[in-house]
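Notes to accompany the following structure.
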Amino acid sequence: MGKVIAVIGNKGGTGKTTISHLLAHGLGLYGKSAISVLTDETREPLLRQNRRYVPLDARTPVQLERIMERIHSLPTWIGVIDGGGNRAEMDAQLYSLADLVLLPFRDSHEDIRTVLNDLETFPNAWGLPSQWPTNAWQQMAAERNIDELMPDYRPRLLEPVYSVSSSKLLLQSDTPFALPTVLNNMARRLAMQVLELLEIPLVEDGVPPPDSAQ
Ligand SMILES: Nc1ncnc2c1ncn2[C@@H]1O[C@H](COP(=O)(O)OP(=O)(O)OP(=O)(O)O)[C@@H](O)[C@H]1O
Ligand SMILES: [Mg+2]
């Protein structure tokens with residue numbers, strides 16, 4: 001069966017859409033067949049052109065069901081579902097469908113309070129620090145926020161996805177084929193963590209990933 005990853009969380013603007021595309025891109029860079037699944041009715045679908053993964057439109061329940069069935073019938077495929085904020089019911093449904101659930105959050109108190117609640121509600125989900133500061137002082141402040149507000153949840157947090165302005169290139173419909181190295185490296189780091197959690201080998205049958213030299 002193909003695997004399904006859901007990127008959800010009750011708060012808007014935490015980076016769900018960016019992370020779902022970044023992850024699908026990273027999986028593509030490792031030679032995996034990935035689909036990015038749009039479920040947010042307020043967003044327009046993106047074009048396939050130049051992407052290393054397939055973006056699909058699942059804004060209606062029927063489309064979502066069909067795509068889930070398709071992914072499950074394709075053994076090596078990985079679907080990354082972009083949730084969309086403020087949809088508790090949808091989040092609960094995606095949580096029950098997915099093999100792995102990611103909850104992006106930024107370093108603000110508000111995001112941390114919301115993700116704490118989501119981590120409680122979804123006990124198998126992973127918190128994913130998102131738009132994380134790259135400046136050393138801001139990074140220390142962000143880590144302090146985690147230590148103060150959610151110290152017990154450290155074991156359920158993944159490595160951060162840093163704030164990178166080129167991440168918006170992935171959300172354009174006309175994504176360039178060659179993306180900045182910093183973005184590709186971040187996509188690979190995220191994909192690597194996810195593949196490890198899903199226990200999917202990085203290199204299958206001794207074939208190196210196609211973009212390993214990039
Ligand atoms: N890692 C990042 N680096 C820089 N900017 C980012 C990053 N992740 C997200 N952003 C920016 O933050 C904003 C919100 O991101 P995004 O749309 O991915 O969040 P979302 O959780 O999907 O929002 P919504 O709840 O509206 O669906 C966008 O302008 C996006 O470009
Ligand atoms: Mg979104």
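Every number here is computed from the coordinates shown, using simple stated rules; none is lab data. Please read these numbers as outputs of a predicted model, since none were measured by experiment. Don't worry about glycine lacking a Cβ; one is built from the backbone with ideal geometry, like all the others, and counts go over all protein chains shown.
Values for this structure:
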read-out: Candidates Trp77, Trp137, Trp126, ranked by Gaussian network fluctuation over the chain, Cα under 10 Å, top entry; value: Trp137
read-out: Sequence-distant residues sharing a close amide H with Trp132 (under 5 Å, placed H); value: Val161, Tyr162, Ser163
read-out: Calculated on alpha-carbon atoms, Rg and Dmax of segment 92-162 in Å; value: 12.2, 39
read-out: Hz values of 3J(HN,Hα) by residue in segment 164-179 - Karplus curve (6.51, -1.76, 1.60), Gly and Pro given as x; value: 9, 5, 6, 4, 5, 4, 5, 8, 7, 6, 9, 4, x, 5, 8, 9
read-out: Relative compactness, segment 85-128, computed as alpha-carbon Rg over 2.2 N^0.38 Å; value: 1.09
read-out: Interchain or long-range residues, amide H under 5 Å from Val80's placed H; value: Ile5, Ile35, Ser36, Val37
read-out: Principal axis dimensions, segment 3-197 - Cα atoms, whole angstrom, descending; value: 43, 37, 31
read-out: Estimated vicinal HN-Hα couplings, Hz - segment 47-54 in sequence order (Karplus 6.51, -1.76, 1.60; Gly, Pro = x); value: 6, 5, 2, 6, 8, 8, 8, 9
read-out: Cα-centred dipole magnitude for segment 3-197, charges only on beta-carbon of K, R (+1) and D, E (-1), debye, nearest 20; value: 660
read-out: Helix-only mean residue ellipticity at 222 nm for the chain, each DSSP H run of n ≥ 4 adding -39500 (n - 2.57), per residue, nearest 500; value: -12000 deg cm²/dmol
